[in-house]
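Heads up, the thing below is written out as structure tokens.
The values are calculated or read from the model by the stated rules, or taken from the named source; none is laboratory data. Computed from a predicted structure; not experimentally measured. Ideal geometry is used to build each Cβ from the backbone, glycine not excepted, and the neighbour counts take in all protein chains shown. Heads up: the accessible areas ignore ligands, DNA and RNA and are worked out on the full protein's heavy atoms, side chains in. Shrake-Rupley method; radii C 1.70, N 1.55, O 1.52, S 1.80 Å.
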Amino acid sequence: MAKLALCIGINDYPGTGSDLAGCVNDVRDWSAMLQKKEFVVSKLIDKQATGKSIRSSIESTIGKA
């Protein structure tokens, strides 16, 4: 059975003045580390990480588990 991971990183919060720094880099770093440990990694970054896509990706990951 495959080991699965979902990494989500959002730096850009348009129109809020509350942007973050480093979240996207964390996703890239965690993803690389998990892949070395034979995880199949899905990633959602910034605009990809909508509420709908996050919920869908969580459901998909759980469904594959």
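Table for the structure above
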item	result
Cβ-Cβ under 7 Å pairs, at least 6 apart or on other chains, the range 51-65 side among the basic types (Lys, Arg), far side outside any helix (DSSP H, G or I)	64/4
Contacts under 9 angstrom Cβ, first residue in the range 5-25 being without any contact (Cβ under 8 Å) to a residue 12 or more places away in the chain, partner surrounded by 11 or more Cβ atoms within 10 Å (Cβ to Cβ) and of a type in the set (D, E, K, R), 6 or more apart	13/19; 19/12; 20/12
Any hit, the range 6-18, residues being under 11 Å from the mean Cα position of the chain (by Cα), part of a loop (DSSP other than H, G, I, E, B), surrounded by 12 or more Cβ atoms within 10 Å (Cβ to Cβ) and modelled with pLDDT of 95 or more	yes
Tally of residues being closer than 21 Å to residue 2 by Cβ, open to solvent by 40 Å² or more (accessible area, probe 1.4 Å) and assigned to a helix (DSSP H, G or I) across the range 30-53	5
